[in-house]
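Novice: Got a structure for you, questions after.
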Amino acid sequence: MIPTPDLSHLTRHDLEQVYDPAEDTFLLLDALEQEAGELRKERPMICLEVGSGSGCVSTFLGTILGPIPSLYLCTDINQHATRCTLSTGKQNKITLDPVTCSLTRPLLSRLHHTVDILLFNPPYVPTDTYEASSAQSNADIAGSWAGGTDGMEVTERLLQDVEVSSFTVFWDTVNDVYQHLLSPRGRFYLVALKQNNVPSIRSRMLEDFGLSSQIIIERRAGRELLFIIRFTRTALS
Amino acid sequence: MVRLITHNLLACHVKGCTTNNFPLVFQDVQVELQEAEFNPDFIRNMLPRLEWTALVNAAKQVGDTSLPLEQPDMMDDELLQKLHHALMEIHIIEGAMVCQNCRHAYPISNGIPNMLLAEHEIG
């Protein structure tokens, strides 16, 4: 049993502004724990969590990897979140390196093919496009859940950065076309909701980007059916 | 915390700023040293993913002049220790990182770099 990170240092004020770890967070922790043996064997050098919020997930990953040295980059568009990420790491004696930014923008060109573990628990709740994009530009707590059409608009933007194909039509892709985040042995763990259309995400990632995938865990939480999908360049058993 | 290992992975991403947008130059920095466990293999394996000249110059900007200008072919333990110190133990707490091309300044506050852009700067 790997202990859940200690979050007792987060104040009520913090949790009004930053996503409080919930079922989706814990499902991602469980998936990582299930993969712990393999993750340790891989000895990842660079881990990147997009939308790190409280910092709970990267801290947990740091606890799993223990003495294996790794760089834990954590991004969040919300400044309160990157502050909490830093303090949660400290509270649990894991050094996290948070960066306040949208998705992976300032890291994209330099992280070419170098990310060994990529974690993303996206804002996946279906909302209208306006709500999703204004939540992202306000960079507040709503940005942690408002996901736009099918809850996929923010995820779509990151999927483009993980592996970019030539036919992409998204607003911010031109510069990204030849940029790829995952290292050859990289693993990308994504949280998704049934309404996000998991089979379609998986087949698109395979057809467009050649990324194999596997559902690591699925679990019902209230009305939501949640999935953790793992993407890799080559199929793993 | 902005450590030099992180700094070496950040580039300016202002719309249209695509050349000479790396490395960012430190300005008005406040630095703190925090000891970290030395792991020579980690440093050795990380080096191919980093830009040597950018690292040497960044180290100088924050007051560490221990690294040679040219990357030596052989990495002895003494050099790996120096690299470890520069990459992992120097924390930039306050200041800014400025793009040499478009002059955009990214502030660093409480050890966290703010790389957010205004709507019109986003590519």
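The values are calculated or read from the model by the stated rules, or taken from the named source; none is laboratory data. Bear in mind the structure is a predicted one, so any value in this text is a computation, not a measurement. Counting neighbours? That spans all protein chains shown, and the Cβs are built from the backbone with ideal geometry, glycine included. Surface areas here come from the heavy atoms of the whole protein model, side chains and all, with no ligands, DNA or RNA. Shrake-Rupley method; radii C 1.70, N 1.55, O 1.52, S 1.80 Å.
Novice: Determine, from the Cβ-Cβ distance of B:Thr18 and A:Gln214 and an R0 of 30 Å, the FRET efficiency 1/(1 + (r/R0)^6), rounded to the nearest 0.05.
Specialist: Computed FRET efficiency for B:Thr18 and A:Gln214: 0.25.
Novice: Turning to a different aspect of this structure: Show me, for region B:56-71, the HN-Hα J-couplings you get by feeding each phi into the Karplus relation (A = 6.51, B = -1.76, C = 1.60, θ = phi - 60°), rounded to Hz, glycine and proline as x.
Specialist: 4, 5, 4, 4, 4, 4, 9, x, 10, 10, 7, 8, x, 4, 9, 6
Novice: Using helices alone, I'd like the mean residue ellipticity at 222 nm for chain A: each DSSP H run of four-plus residues gives -39500 (n - 2.57), total over residue count, nearest 500.
Specialist: The helix-only estimate for chain A comes to -10000 deg cm²/dmol at 222 nm.
Novice: If you restrict to DSSP beta bridges whose two residues both lie in chain A, what percentage is antiparallel, to the nearest 5?
Specialist: Percent antiparallel among DSSP bridges in chain A is about 45.
Novice: Which value in deg cm²/dmol, rounded to the nearest 500, describes the helix-derived mean residue ellipticity at 222 nm for chain B, given -39,500 (n - 2.57) per DSSP H run of n ≥ 4 and division by the residue count?
Specialist: -6000 deg cm²/dmol
Novice: With an 8 Å cut-off on Cα pairs and a minimum separation of 6 or more residues, tell me the relative contact order of chain A in percent.
Specialist: For chain A, the relative contact order is 18 percent.
Novice: Hey, which lysines would be in cross-link range of B:Lys82, C-alpha to C-alpha under 30 Å, not counting anything within fewer than 8 residues on its own chain?
Specialist: Answer for B:Lys82, where 30 Å is the Cα cut-off: A:Lys41, A:Lys90, A:Lys93, B:Lys60, listed by chain and number.
Novice: Give the long-range amide H neighbours of A:Glu49: residues separated by 5 or more places, or on another chain, with amide H under 5 Å away, using H modelled in the peptide plane at 1.01 Å from N.
Specialist: Here A:Leu73, A:Cys74, A:Thr75, A:Leu119 satisfy the definition.
Novice: Could you pull the accessible area for A:Thr95 with a 1.4 Å probe, rounded to 10 Å²?
Specialist: About 70 Å², rounded to the nearest 10.
Novice: Ok, one more. Over chain B, calculate the relative contact order: mean separation of alpha carbon pairs under 8 Å at least 6 apart, over the residue count, as a percent.
Specialist: 41 percent
Novice: Okay, moving on. Under the rule of at least 5 residues apart or a separate chain, name every residue whose amide H is placed under 5 Å from the amide H of A:Ile217.
Specialist: A:Ile228
Novice: Now for a different question. Relative contact order of region A:21-113: what whole-number percent is it, with Cα pairs under 8 angstrom and at least 6 residues apart?
Specialist: Result for region A:21-113 is 27 percent.
Novice: Counting only protein heavy atoms and rolling a 1.4 Å probe, how much accessible area do B and A lose on contact, total for both sides, in Å² to 100?
Specialist: Chains B and A together bury roughly 2500 Å² of accessible area.
Novice: If you split all Cα-Cα distances of chain B into 5 Å bins from zero, what percentages do you get per bin, shortest first?
Specialist: Final binned percentages: 2, 11, 21, 23, 18, 13, 7, 3, 1, 0.
Novice: For a quick check of your reading of the filter: which GluC sites (Glu not before Pro) in region B:35-110 sit in a DSSP loop and have no more than 12 other Cβ atoms within 10 Å?
Specialist: Of the GluC sites (Glu not before Pro), the ones in loops of region B:35-110 whose Cβ has at most 12 other Cβ atoms within 10 Å are B:Glu35, B:Glu37, B:Glu70.
Novice: Students sometimes get this wrong: rank B:Ile93, A:Ile64 by accessible area, probe 1.4 Å, all chains present, largest first.
Specialist: Result of the area sort, largest leading: B:Ile93, A:Ile64.
Novice: Apply the Karplus parameterisation 6.51 cos²θ - 1.76 cosθ + 1.60, with θ equal to phi minus 60°, to every residue of region B:32-46 and state each ³J(HN,Hα) to the nearest whole Hz, in sequence, with x for glycine and proline.
Specialist: Ordered by residue, 3J(HN,Hα) equals 10, 9, 10, 5, 9, 5, 7, 10, x, 5, 4, 4, 4, 6, 7 Hz.
Novice: Also: Once Rh for chain A is found with the Kirkwood sum over Cα pairs, what is the Stokes-Einstein diffusion coefficient at 4 °C and 1.567 mPa s, in µm²/s?
Specialist: Estimated diffusion coefficient is 74 µm²/s.
Novice: Related question: Would you mind classifying region A:33-113 by shape? Square roots of the alpha carbon gyration tensor eigenvalues, ordered a ≥ b ≥ c; an a/c under 1.5 is rounded, otherwise it is prolate if a/b is larger than b/c and oblate if not.
Specialist: Here region A:33-113 falls in the oblate category.
Novice: Arrange the residues A:Thr82, B:Thr19 by how much accessible surface each exposes, largest first, with a 1.4 angstrom probe.
Specialist: The ordering from most to least exposed comes out as B:Thr19, A:Thr82.
Novice: Then there's this: Show me, for region B:105-119, the HN-Hα J-couplings you get by feeding each phi into the Karplus relation (A = 6.51, B = -1.76, C = 1.60, θ = phi - 60°), rounded to Hz, glycine and proline as x.
Specialist: The phi angles translate into 10, 9, x, 10, 9, 6, x, 10, x, 9, 9, 5, 10, 6, 3 Hz.
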